[in-house]
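Colleague: Structure in structure tokens, see below.
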Amino acid sequence: MDNTNSMMERLDEFLLDVQKPSRYIGGETGSVVKDKSKVDIRFAFCFPDTYEIGMSHLGMKILYGLKNAVPNYWCERVFMPLPDMEEQMRARDIPLYALESLDPIKDFDFIGFTLQYEMSYTNVLEMLDLAGVPVLASEREGLAPIVMAGGPCVCNPEPLVDFFDLFAIGEGEEMNLELMRLMEVCKKEGTTRQEFLRRAAQIEGIYVPSLYDVDYNEDGTVKSITAKDGAPAKVRKRIIKDFDKVYAPDNFVVPFTQIVHDRAVVEVLRGCIRGCRFCQAGFIYRPYREKQKDTILAQTKALCENTGYDEVSLSSLSTGDYKDIVGLLSELTDYTTGEKINLSLPSLRIDRFSDEVLKKITDVRKSGLTFAPEGGTQRIRDVINKNVTEKNVMDSVRIAFEGGYTNIKLYFMMGLPTETMEDVEGVYELAKAVIEEFYATPNHAKGRPGVAVSLSTFIPKPFTPFEFEPQLDEAGVKERQAHLKSINNDRKIVISWSKYDLSLIEAVLARGDRRTSKAIYAAWKKGCKLDGWDEHFKFDKWKEAFEECGLDMAFYANRRRSYEEVAPWSHIDMLVSREFLIEENKRAHAGVTTPNCREKCSNCGVAKCVGGEICRAIR
Amino acid sequence: MPSVNTRAFFSKMGRAKYISHLDLSSVIIRAMKRTKLPIWQTEGYNPRTYVTFMLPLSLGQEGEHEAMDFRMLEDVPAGEIRDRLNAALPADIRVTEVTVPKDKNTDITAARYRIESSADPEKLRALCEKEQINIEKRTKKGSTIVDLKQLMTDVELDGNVLRVTFPAGTTFNINPSLLFEAYAAEYGEKVKRLRIIRTNIYSGNREFE
């Protein structure tokens with residue numbers, strides 16, 4: 001505890017001068033503090049964004065609980081300090097520390113990041129630097145700390161290879177413990193860092209980038225990726241076969257200050273049966289697996305009782321797809337209503353939004369409603385395989401209006417493959433139809449209806465059928481925005497869109513290759529960090545960085561990639577086959593939809609990899 | 001429903017000093033929920049556990065004897081309420097005593113503080129011994145000049161530790177950090193380390209009960 005106390009004293013000198021200091025001191029209920037003398041392996045779990053965002057993330061809570069359940073392993077939390085805090089830390093030579101022990105993370109065995117979105121990449125560099133750990137993997141010496149990353153973004157780890165010693169591809173529950181066990185062995189044997197990495201590469205799902213060579217063609221595309229030192233030619237993602245039995249936390253660290261999702265969260269299913277062609281999560285988290293009703297109920301109870309939260313939300317990519325959703329909600333609401341707990345259901349698909357479901361969630365408390373038709377016309381919705389019709393949308397909003405709602409938020413994407421101005425106008429037409437539906441609903445609530453239309457720029461992502469597609473360029477985006485603006489004469493419809501510059505960088509980083517690592521480094525050197533925040537995002541610095549590295553952003557973002565091109569991520573196996581993605585891409589261009597996994601197997605390749613029994617259980 | 005007014009005295013030390021007054025209430029309410037004690041909730045559409053705090057503590061200050069009130073729906077022994085709350089609270093918030101309230105929060109007149117600081121003890125002594133210690137006190141309504149000398153009582157200075165009593169309560173409250181603002185103004189140097197601990201609260205010339 002000596003260090004904890006002396007660090008506390010140093011923090012006391014200035015913490016009152018920073019915003020919301022309780023984010024930086026730990027000590028919350030549910031946080032795990034161990035006796036250092038009895039701990040063999042220490043893991044700094046880093047979320048490269050603010051405390052409020054990171055603390056809302058379920059994956060972190062799962063891995064935190066799981067690792068700390070092993071007596072001689074200690075996992076602690078680390079978040080990105082905001083500029084006011086960082087400035088103080090740098091001025092006082094306080095290295096980035098973990099919230100439980102307040103110990104500097106540079107002395108830990110692992111520094112592990114979860115990468116949830118591309119715009120957090122520069123935060124990783126900033127955090128490593130603030131920790132006093134060399135930002136470049138090639139400059140690190142000694143066995144520890146091993147700097148690693150997991151999370152959805154690492155399905156294309158290539159833009160990050162300069163910074164990480166290894167990546168954990170796929171579901172982390174088993175892999176993380178296996179790595180920690182390996183570290184225990186290597187520490188005892190006193191092996192080198194290289195030896196640890198060589199052995200780690202033998203663990204299924206672990207990708208050690210230094211064990212792969214990449215060659216390029218003259219046109220700048222990847223020619224080949226070659227494994228060495230016994231590393232596998234293809235790194236196959238890990239999945240949890242028995243999802244119902246996998247570790248789930250029965251307690252959370254309950255923060256002192258309000259966070260983004262300040263509630264209990266229970267995971268009900270993993271993967272998604274839908275196959276919306278733009279959605280990376282829909283492919284990389286396959287196969288689809290559900291937890292048993294009893295398991296979900298028991299986990300909900302335990303979590304609510306242990307945390308004291310009066311709100312619980314069911315988490316998944318599409319909760320409405322749970323096979324017996326009505327039965328599940330009935331059992332859950334029996335418990336939550338009795339305990340005066342508010343049950344919330346994010347991620348409900350429009351076509352699964354039934355009267356019964358709405359009744360269950362509005363029994364306790366009313367919140368705003370968001371629907372995501374994604375595309376404005378049936379044609380474009382067929383292209384993206386979002387199997388939702390205008391009738392589905394109208395049925396849902398009618399139920400909502402009957403249920404007392406007046407305001408609806410509609411979420412769309414702009415710049416989808418094959419999109420025409422007609423599809424863009426369709427967005428407005430759909431919003432207008434929702435307003436008309438309000439007045440056509442006999443028992444609608446009093447008040448004026450409102451539709452908030454939110455448009456984001458489509459970003460092609462790896463391991464989706466759209467990984468071959470160009471991103472719409474700036475001129476195209478501006479033209480569509482101007483057109484939508486000019487046709488909207490209804491003040492009940494408010495249209496907003498995301499910033500183009502930001503989606504361009506996101507597109508570049510999503511499908512970048514090893515050379516983009518250099519540009520990320522250069523951008524960070526120029527002061528880029530907290531890129532996800534409008535007020536901190538510096539597009540001109542990013543542009544300069546790419547120019548200085550001799551890299552063309554359009555090459556990564558706006559170019560159509562052929563089916564034959566070797567993708568920078570082609571040595572990563574997310575179980576979904578490339579043949580399937582190509583087939584789906586062709587179907588998209590032909591405007592043909594694909595049935596969901598429950599209706600018919602689309603032969604994505606996952607069933608073959610996992611033996612088929614998991615997929616068969618879907619139906 | 002009949003309910004029993006209940007008062008808990010608690011300490012809020014260490015890391016808990018960074019929990020703001022606003023956040024403290026949700027920290028306590030969630031802890032109460034975890035205890036499963038029969039604590040009264042407001043009625044209505046969004047029922048809420050009802051807790052009131054006697055005297056807000058400034059962010060960054062610690063308290064050894066803070067008070068909060070709530071209502072029990074059943075008669076649970078005081079010791080059991082204390083123990084169950086302590087099992088559910090963060091380590092740096094400890095309930096020391098559970099009683100039946102005698103005084104109202106409007107009865108609070110003063111609070112005593114123990115202040116450990118890096119201020120030069122001689123300079124601090126000289127400041128405390130001045131005829132007048134005028135300093136600007138800012139409130140939501142504006143600012144006034146107060147003479148701390150007239151307001152501070154029972155001053156004990158022992159090395160780096162100052163013990164002092166200031167007026168406190170719902171109508172007129174003096175934050176002891178004002179004394180160190182006066183120090184900074186007097187000597188042109190900010191006190192780097194300042195640990196302010198509220199050790200007791202008073203109702204007239206006796207302890208608040």
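Colleague: Can you name the helices of chain A, as whole DSSP H runs, whose Cα span along the helix axis is 30 Å or more and whose Kyte-Doolittle mean is not below 1.0?
Modeller: The qualifying helices: there are none.
Colleague: Using all C-alpha to C-alpha distances in segment B:4-101, build P(r) with 5 Å bins and read off the rounded percent in each one.
Modeller: With 5 Å bins starting at 0, P(r) equals 2, 14, 25, 29, 18, 9, 3, 0.
Colleague: Using the alpha-carbon atoms, what tilt in degrees (0 to 90, nearest 10) does helix B:78-88 show relative to the longest principal axis of chain B?
Modeller: 80
Colleague: Given only helices, namely DSSP H runs of n ≥ 4 each adding -39500 (n - 2.57), what is the per-residue ellipticity at 222 nm of chain B, to the nearest 500 deg cm²/dmol?
Modeller: -7000 deg cm²/dmol
Colleague: Find the Cα radius of gyration of the protein assembly as shown, compare it with 2.2 N^0.38 Å by division, and give the number to two decimals. Intermediate results must be reported in sequence, preceding the final value.
Modeller: Numbers: Rg = 29.5 Å, N = 828, 2.2 N^0.38 = 28.3 Å.
Taking N as the residue count of the protein assembly as shown, the ratio is 1.04.
Colleague: Moving on. Normalise the Debye intensity by I(0) for segment A:117-231, one equal point scatterer per Cα, no solvent, then take log10 at q = 0.24 Å⁻¹ and round to two decimals.
Modeller: Rounded to two decimals, the profile gives -1.52.
Colleague: Across 10 Å bins from 0, what is the distribution of all Cα-Cα pair distances for segment B:114-156, in whole percents?
Modeller: Taking all Cα pairs of segment B:114-156, the binned fractions are 23, 46, 27, 3 percent.
Colleague: Quick check for me: using +1 on Lys/Arg Cβ and -1 on Asp/Glu Cβ, what's the dipole size of the protein assembly as shown about its Cα centre, in debye to the nearest 20?
Modeller: Values: 114 positive and 125 negative charges, 266 e Å.
Taking the Cα centre of the protein assembly as shown as origin, the dipole is about 1280 debye.
Colleague: Please report the base-10 log of the normalised intensity I(q)/I(0) for segment A:515-619, using a Debye sum with one equal scatterer per alpha carbon and no solvent, at each q in 0.15 (1/Å).
Modeller: -0.84
Colleague: How do A:Leu581, A:Leu16 line up, fewest other C-beta atoms within 10 Å first?
Modeller: Least crowded to most crowded, the residues run A:Leu16, A:Leu581.
Colleague: Principal axis extents for segment B:106-207, Cα atoms only, whole Å, descending order, please.
Modeller: Principal extents (Cα only, largest first): 37, 31, 24 Å.
Colleague: Which ordering of A:Ile240, A:Ile273 is given by a fewest-first count of other beta-carbon atoms within 10 Å?
Modeller: Fewest-to-most ranking of A:Ile240, A:Ile273: A:Ile240, A:Ile273.
Colleague: Can you give the calculated 222 nm mean residue ellipticity of chain A, where each DSSP H run of n ≥ 4 adds -39,500 (n - 2.57) and the sum is split over every residue, rounded to the nearest 500 deg cm²/dmol?
Modeller: Taken over chain A, the calculation gives -10500 deg cm²/dmol.
Colleague: So what's the projected area for segment A:191-344, the Cα convex hull averaged over all directions, in nm²?
Modeller: 13.9
Colleague: Once the Cβ-Cβ distance between B:Glu129 and A:Val33 is put in as r, and R0 is 35 Å, what FRET efficiency do you end up with, to the nearest 0.05?
Modeller: The computed FRET efficiency comes out at 0.20.
Colleague: Also, I was wondering about something else. Relative contact order (percent) for chain A, with alpha-carbon contacts under 8 angstrom and 6 or more residues of separation?
Modeller: 14
Colleague: Please work out the C-alpha center-to-center distance from segment B:1-58 to segment A:41-120 and express it in whole Å.
Modeller: 30
Colleague: Select from B:Tyr187, B:Tyr18, B:Tyr113 the residue whose mean-square fluctuation is largest in a Gaussian network model of chain B (Cα-Cα springs shorter than 10 Å).
Modeller: Most flexible of the set in this elastic network: B:Tyr187.
Colleague: A follow-up question, please. Within 10 Å of each candidate Cβ there may be at most 16 other Cβ atoms; applying that plus a DSSP loop requirement, which GluC sites (Glu not before Pro) in segment B:119-179 survive? Please list the in-between numbers first.
Modeller: Numbers: sites: B:Glu122, B:Glu129, B:Glu131, B:Glu136, B:Glu156; in loops: B:Glu129, B:Glu131.
Hits after loop and neighbour filter: B:Glu129, B:Glu131.
Colleague: Also, I was wondering about something else. Around A:Ala545, what is the net charge, scoring Lys/Arg as +1 and Asp/Glu as -1 over all other residues with Cβ under 11 Å from its Cβ?
Modeller: The answer is +2.
Colleague: Write down Rg/Rh for segment A:2-231, rounded to two decimals, with Rg from the C-alpha atoms and Rh from the Kirkwood relation over Cα pairs.
Modeller: Reported Rg/Rh, Kirkwood definition of Rh: 0.97.
Colleague: Additional query: At A:Glu184 and B:Ala91, where each label point lies 7 Å from the Cα along Cα→Cβ, what is the point-to-point distance in nanometres?
Modeller: About 2.4 nm, to one decimal.
Colleague: Hey, another quick one. For B:Leu22, A:Leu297, A:Leu502, what's the fewest-to-most ordering of other Cβ within 10 Å of each Cβ?
Modeller: Neighbour counts put them in this order, fewest first: B:Leu22, A:Leu297, A:Leu502.
Colleague: Compute the semi-axes of the equivalent ellipsoid of segment A:376-437, taking the square root of 5 times each eigenvalue of the Cα gyration tensor, and list them largest first in whole Å.
Modeller: The answer is 23, 12, 9 Å, longest axis first.
Colleague: Distance cut-off 31 Å, Cα to Cα: go down the list A:Lys20/A:Lys538; A:Lys61/B:Lys17; A:Lys34/A:Lys529; A:Lys67/A:Lys291 and report the pairs above it.
Modeller: Cα-Cα > 31 Å for A:Lys34/A:Lys529; rest within.
Colleague: Using R₀ = 41 Å, calculate the FRET efficiency as 1/(1 + (r/R₀)^6) where r is the Cβ-Cβ separation of A:Ala590 and A:Ala91; round to 0.05.
Modeller: Working from the Cβ atoms, E equals 0.10.
Colleague: Rounded to the nearest 5, what is the percent of antiparallel bridges among the DSSP beta bridges in the protein assembly as shown?
Modeller: Of the beta bridges lying entirely in the protein assembly as shown, close to 55 percent run antiparallel.
Colleague: Net charge within 12 Å of A:Thr122 by Cβ-Cβ distance, Lys/Arg positive one each and Asp/Glu negative one each, not counting A:Thr122 itself?
Modeller: So the environment of A:Thr122 carries a net charge of 0.
Colleague: Same structure, new question: Semi-axes of the equivalent ellipsoid for segment A:46-87, please: Cα gyration tensor eigenvalues, times 5, square-rooted, ordered largest first, whole Å. All intermediate terms of the calculation are to be shown ahead of the outcome.
Modeller: Details: eigenvalues 111, 29, 5 Å².
Three semi-axes, in Å: 24, 12, 5.
Colleague: Hey, could you grab the Kirkwood Rh for segment A:1-46? Inverse mean 1/r over distinct alpha carbon pairs, Å, one decimal.
Modeller: Working: mean 1/r = 0.0792 Å⁻¹.
For segment A:1-46, the Kirkwood estimate is 12.6 Å.
Colleague: Beyond a 24 Å Cα-Cα separation, which of these cross-linked pairs lie in this structure: A:Lys323/A:Lys586; A:Lys223/A:Lys478; A:Lys241/A:Lys600; A:Lys461/A:Lys518; A:Lys323/A:Lys386; A:Lys234/A:Lys461? Mind showing how you got there, number by number?
Modeller: On the way: A:Lys323/A:Lys586 30 Å; A:Lys223/A:Lys478 35 Å; A:Lys241/A:Lys600 21 Å; A:Lys461/A:Lys518 21 Å; A:Lys323/A:Lys386 19 Å; A:Lys234/A:Lys461 20 Å.
Distance filter (> 24 Å) returns A:Lys323/A:Lys586; A:Lys223/A:Lys478.
No value in this document is a laboratory result; all are computed from the given coordinates. Everything numeric in this text was worked out from a predicted model, so none of it was measured. All Cβ positions, glycine included, derive from the backbone under ideal geometry; neighbour counts span all protein chains shown.
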